[in-house]
1. Can you name the residue in segment 82-102 that is over 21 Å from the mean Cα position of the chain (by Cα) and surrounded by 20 or more Cβ atoms within 10 Å (Cβ to Cβ) and is also nearest to residue 301 (Cα to Cα) among such residues?
2. With 378, 300 as the choices, which residue is closer than 23 Å to residue 251 by Cα and in contact with a strand residue (DSSP E or B) (Cβ under 9 Å, 6 or more places away or on another chain)?
3. Only one of (1) within 29 Å of residue 224 (Cα to Cα); (2) out of contact with any helix residue (DSSP H, G or I) (no Cβ under 8 Å at 6 or more places or on another chain); (3) modelled with pLDDT of 95 or more fails for residue 128. Which number is that?
4. If you scan segment 1-47, which residues turn out to be part of a loop (DSSP other than H, G, I, E, B) and loosely packed, with under 15 Cβ neighbours inside 10 Å?
5. Do the conditions hold for residue 309, that is, is it touching a residue at least 40 places away in the same chain (Cβ under 8 Å) and within 16 Å of the chain's Cα centre (by Cα)?
6. Name the pairs: first residue in segment 237-260 and on the phi > 0 side of the Ramachandran plot, second residue part of a loop (DSSP other than H, G, I, E, B) and surrounded by 16 or more Cβ atoms within 10 Å (Cβ to Cβ), Cβ to Cβ under 8 Å, at least 6 apart or on different chains?
7. Here are 50, 60: which of them is loosely packed, with under 15 Cβ neighbours inside 10 Å and touching a strand residue (DSSP E or B) at 6+ places or on another chain (Cβ under 7 Å)?
8. Residues of segment 261-293 being part of a helix (DSSP H, G or I) and either surrounded by 15 or more Cβ atoms within 10 Å (Cβ to Cβ) or not assigned by TED's automatic domain parsing to the domain that holds residue 308 (or both), which ones?
């Protein structure tokens with residue numbers, strides 16, 4: 001790449017999610033001589049995003065609406081943003097931007113348009129009803145059109161790549177699989193905290209009301225049904241009689257999301273004595289560090305769940321459903337256990353299995369940490385992206 005700075009726009013549909021996932025990207029790209037623009041909806045994380053060196057520009061998009069008129073307005077507003085910035089590269093993430101951003105980028109004559117499929121989401125969850133099939137058909141056609149005008153399309157798991165290839169919604173020559181999801185900064189996490197007691201392991205457990213010797217299972221994520229929270233709670237209720245087991249639920253209701261748990265249901269669950277609801281927390285690495293196993297019971301089609309990468313960076317054994325993205329990180333009987341979706345018995349049995357086998361837990365946790373060091377470090381992931389950026393820059397003679 002030439003020594004002159006290249007402009008890159010990172011486009012996402014949520015202000016907070018951009019902050020949570022893309023700050024390592026911003027740091028890496030600035031260090032590699034890019035001028036970085038963050039295009040997201042307005043939100044309280046904007047100042048933090050800009051504190052990392054990115055220029056934030058507000059873009060309005062309704063991430064859950066299926067209204068085509070709203071999509072047209074989002075395309076037009078993004079087109080105006082891109083036309084003003086005149087970036088060399090526009091990189092988008094998440095379902096709606098995957099469709100909208102390449103169209104806006106092409107209209108604005110952006111030189112390089114690339115997409116990252118961070119999971120195929122709700123539209124591609126197996127459903128046999130007519131509505132589900134119609135939604136999947138429309139989504140497939142939309143991906144096909146958007147991917148056709150993109151220069152490259154990156155995938156976080158092989159299943160999504162294979163599915164869109166089978167449905168002829170992606171040209172295999174444009175499709176690139178990059179392992180490690182969005183990557184994580186390993187320095188943010190605390191492996192082997194029990195032995196090193198870096199974060200006052202005992203006192204933090206006591207603060208949360210968890211007995212020191214209890215085996216702790218943790219769930220981190222939005223409290224919505226397709227994340228498997230109901231099955232996790234039911235597994236916890238089933239194991240309520242086991243006095244040496246505790247459960248932590250980290251996350252809040254996702255108001256406006258059709259799959260969100262009802263507040264009345266959450267209040268009912270909070271009555272369970274062995275389940276601790278922390279709500280929204282900014283110290284997730286600390287909470288992971290006092291846990292013994294991470295559970296991902298989701299049946300939503302994700303790219304690669306960041307929470308699993310975070311748990312791996314903490315050196316935790318993993319329990320995860322047999323879903324695309326999850327099974328990319330949870331390797332059965334190597335660093336964790338694969339379970340069936342919507343199966344509380346599978347969850348409870350897997351937790352019991354690990355709680356009774358300290359050696360297996362340690363071996364799984366050590367392997368998780370090894371995977372994190374070799375594959376999930378954001379510098380490794382972003383170096384792969386940067387190779388393709390540079391290749392496209394040379395190809396376009398920028």
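The values are calculated or read from the model by the stated rules, or taken from the named source; none is laboratory data. No experiment lies behind these values; they were computed from the predicted model shown. Cβ placement follows ideal geometry from the backbone for every residue including glycine, while neighbour counts extend to all protein chains displayed.
1. Once the filter is applied, the top-ranked residue is 102.
2. 300
3. (3)
4. The answer is 2, 3, 4, 5, 33, 42, 44.
5. Yes: the conditions hold for residue 309.
6. Partner pairs satisfying both residue conditions: 251/221; 251/222; 251/223.
7. Going through 50, 60 in turn, the sole match is 50.
8. Hits for segment 261-293 are 265, 266, 269, 284, 285, 286, 287, 288, 289.
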